[in-house]
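This report refers to the structure that appears directly beneath it.
Any read-out appearing in this document is the output of simple, stated calculations on the displayed coordinates, not a laboratory observation. This one's a predicted model, so the numbers in the text were calculated from it and none came from an experiment. Every residue, glycine among them, receives a Cβ derived from its backbone with ideal geometry; neighbour counts consider all protein chains shown.
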Amino acid sequence: MSESGYADTQPRMGFFTDTSVCIGCKACEVACKEWNLVPASGSSGDGEMDLLGLSYDNTGDLGSNSWRHVAFIEQQVPASRVDNLGMPTIGAPDQQDETGVRWLMSSDVCKHCTHAACLDVCPTGALFRTEFDTVVVQPDICNGCGYCVPACPYGVIEKREDDGRAFKCTLCYDRIGDGLEPACAKACPTESIQYGELDVLRLRAAERKQELHADGVTEARLYGENPDDGVGGTGAFFLLLDEPEVYGLPPDPVVTTRDLPGMWRRAGAAALGVAAAVVASFVGARR
Amino acid sequence: MSRARGPDRDQQRSAQGTGRAQPSRRERAMVEPAEFRSYYGRPIVKEPAWEQPDVPLYLFLGGAAGASASMAAMARVSDLPRLARAGTLVAAGGSLASVAALIHDLGRPERFLYMLRVFKPTSPLSVGSWILAPFSGLATVSTVSLLTGKLRPIGTLAGNAAGLLGPAMCTYTAVLLADTATPAWHEGRRELPVLFAGSAATSGAGAALLLVPTREVAPARNLGLAGAAAEVVAEHRLEHNLGVVSETYRHGRAGTLLKAGKALTAVGAGLSLLSTRSRVASVAAGAAYLAAGVCTRFGVYTAGVASSRDPKYTVVPQRERMAQHGSAVQ
């Protein structure tokens, strides 16, 4: 049995998103929308395009209508750290102490957690774990209770306002069942998004991190690949070039249901307290 | 971060989004203000998807109904017919209204029965549905029997069964909120069950103080005082023991609502001491307790929403945890 509860008949499938080669083209966002028929998104919720003024990011975050989201971060770094592309320039040559801009771009997606809070708290069983160890919503079961929305430690799943039900990335359940790769990975021109067996991806990611470290990119780090983290490792994990929160990711996410046994004990004790207080109130009143 | 400027503008300066977290007064002497980074100051977790006033009212009504059902059951065996009658009516009315609020909040209300499709102990909403559905059914049977005078033994049996489920009605909603990634609720998971138990007790007692004549009101007065004490202790802990997240219980609209709730609870408790002598005092105490319950539930809900809107409350506690236990990111 795997950690997520499935018998090992089919290897666990997932994404490795190597943000060091992301060029911010958003082909993943477009391919996802087209294949999955995801409605237009705008943070105003009316389907109109929004200009957010956050670098080239006009998607903002993951949500019911954005299953891939490319983050754009512009950082001031010493000019010496910026690759010289040999572009023609005007004026005097750069001074040594001048600063340049480093771009971080990252395509975020549902993490398909080993211990998925959305799945745990779903009261109807609409959210389920597939044979690929991914986490998928069944739209014909979801009654739009919305509990999964605040349960997700990454803020991925969301209720679609005009529909009432919750939606998120399915890791293209309909494609991978036919041996195809998910639409976003298929469309990615730089192989920043890699789809495959999770074990293979983890090995590849470790190699890539070492390679970057050897090249002097010591800030390269993996996010979500550790099976001992608060969600038991994620099915979609990342190579990042800065701290997770810079990309809008929680630095140490924990599946909320890890603390649930303790919460039920506290609530049980509090309920017994109410019962005792009610009985005592009547006994006290009789005297 | 200066409070006057507001967190959003301050953090949206740059993608580096370095902000400063205000430490609670208790920690101020020892700990430097926590620095944190974010993606343009945008939230990490999603805001609770539930509607206001549906869900805060659902919390309030369910709690009041639970405490009232238990009181009604005890009143029946203690031969206090007016208190038993009031408790029975409030249990049925409150729980049916609570069910209505919950169904109204669903994105697909016609699928409300899907809540009973499975029983999942990992989902407090599933467990809660399995408490709320039988409770409201039993309380309704008991009320119908009481109002029509028919099938009295069955009505009594149903009322007593509802009374047994009552305490669970009072506290399961605390787990419902705490079992999320919403920082104010999850970090408050130890305190919320006590707060909700206390708030349910004062609300149930408040309804009885409002409806029951002075000679039968003493048990409600006692229950209200016990509930008020539990509420004060739990609320103080929420406001001071959760590190940076406690801010969300002290400041803004949540802070105002919770302060109002505390003041109304104190007024209710004080007036209730006169409830066995003065019907006017009893009614005023009951009204104050009920208003306090509404303020407290809306306050807790609002604190949760506020904590999900600012990435500080997600990042800073996680960074503190990592500093204690070593990094999860390699």
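Taking each of B:K46/B:K312; A:K33/A:K209; A:K111/B:K46; A:K111/B:K120 in turn, the alpha-carbon distance tops 21 angstrom for A:K33/A:K209; A:K111/B:K120. In a reduced charge model with +1 at each Lys and Arg Cβ and -1 at each Asp and Glu Cβ, the range B:117-238 shows a dipole moment near 380 debye about its Cα centre. If R0 is 30 Å, the Cβ-Cβ spacing of B:Q52 and A:W103 corresponds to a FRET efficiency of close to 0.15.
Between the C-alpha center of the range B:155-218 and that of the range B:279-293 there is a gap of 17 Å.
Simple spin-label estimate for B:V144 and B:L273 gives 4.5 nm between the two label positions (7 Å along the Cα-to-Cβ direction from each Cα). Listed by chain and number, the aspartates and glutamates placed with their C-alpha closer than 20 angstrom to that of B:K262 are B:E191, B:E231, B:E235, B:E239, B:E247; residues fewer than eight positions away on the same chain are left out.
What the phi angles of the range B:172-186 give under the Karplus curve with 6.51, -1.76 and 1.60, with θ = phi - 60°, is a coupling list of 5, 5, 5, 5, 4, 6, 5, 7, 9, 8, 5, x, 4, 7, 5 Hz, glycine and proline written as x.
Only helices enter the 222 nm calculation for chain B: every DSSP H run of n ≥ 4 contributes -39,500 (n - 2.57), and dividing by all residues gives -23500 deg cm²/dmol, rounded to 500. Past the 29 angstrom mark, what percentage of all C-alpha to C-alpha distances in chain B do you count? Taking all Cα-Cα pairs of chain B, the fraction more than 29 Å apart is 42 percent. Here the protein assembly as shown is described by how far its Cα atoms reach on the three principal axes: 93, 57, 43 Å, from widest to narrowest. For the segment B:296-309, counting C-beta atoms of other chains within 10 Å of every residue's C-beta and taking the mean gives 0. An ellipsoid equivalent to the range B:29-144, defined through the eigenvalues of its Cα gyration tensor, has semi-axes of 37, 21, 13 Å when rounded to whole angstrom and sorted largest first. The residues packed around B:M322, meaning those with a beta-carbon under 12 Å from its beta-carbon, carry a net charge of -3 if Lys and Arg are +1 and Asp and Glu are -1. Each label was represented as a point 7 Å from its Cα along the Cα-to-Cβ direction; for A:I23 and A:D50 these points are 2.9 nm apart. The charge dipole of the protein assembly as shown, taken about its Cα centre with unit charges on the Cβ of Lys, Arg, Asp and Glu (plus for the first two, minus for the last two), comes to roughly 3880 debye. Taking other residues whose beta carbon is less than 13 angstrom from the beta carbon of A:T257, and scoring Lys, Arg as +1 and Asp, Glu as -1, yields 0.
Cys residues of the protein assembly as shown that find no other Cys beta carbon under 4.7 Å: A:C22, A:C25, A:C32, A:C113, A:C122, A:C142, A:C145, A:C152, A:C172, A:C188, B:C170, B:C295. Taken as entire DSSP H runs, the helices of chain A that both span 27 Å or more between Cα atoms along their own long axis and average -0.5 or more on the Kyte-Doolittle scale are A:260-286. Sequence-ordered 3J(HN,Hα) estimates for the range A:106-112 from the Karplus curve with 6.51, -1.76 and 1.60 and θ = phi - 60° stand at 8, 8, 8, 7, 4, 7, 6 Hz, glycine and proline given as x. Along the axis of the charge dipole computed for chain A (Cβ charges of +1 for Lys and Arg, -1 for Asp and Glu, origin at the Cα centre), the listed residues A:G60, A:N143, A:M13 are led at the positive end by A:N143. Between B:R108 and B:V232, the modelled labels are 4.9 nm apart [label points 7 Å from Cα along Cα→Cβ].
Cβ under 13 Å from B:I44's Cβ, B:I44 left aside: what net charge do those residues give with Lys, Arg +1 and Asp, Glu -1?
0
Counting only alpha carbon atoms, the long axis of helix B:192-211 and the longest principal axis of chain B meet at about 40°. Sorted largest first, the principal axis extents computed over the alpha-carbon atoms of the range A:186-237 equal 30, 29, 15 Å. Note on chain A: percent of Cα-Cα distances in each 5 Å bin, starting at 0 and stopping at the bin with the largest distance, equals 1, 5, 10, 14, 16, 15, 11, 8, 6, 4, 3, 2, 2, 1, 1, 0, 0, 0, 0, 0. Compute the acute angle (0 to 90°) between the alpha-carbon long axis of helix B:81-105 and the principal axis of greatest extent of the alpha-carbon atoms of chain B; round to the nearest 10°. Orientation of helix B:81-105: about 40 degrees from the principal axis.
For chain B, the longest principal axis of the C-alpha atoms and the axis of helix B:218-240 are separated by about 10°.
If you wrap the Cα atoms of the range B:175-330 in a convex hull and average its projected area over all directions, you get 9.1 nm². Taking the DSSP beta bridges with both ends in the protein assembly as shown, the antiparallel portion is around 90 percent. Here's the picture: charge each Lys and Arg Cβ at +1 and each Asp and Glu Cβ at -1 in the protein assembly as shown, and of A:M49, B:P43, B:V127 the one pushed furthest to the positive end of that dipole is B:V127. Within the range A:184-205, whose backbone N sits under 20 Å from a point 7 Å along Cα→Cβ of A:E34? The answer is A:184-195.
Computing FRET efficiency as 1/(1 + (r/R0)^6) for B:A133 and B:L164, where r is the C-beta to C-beta distance and R0 is 22 Å, gives about 0.90.
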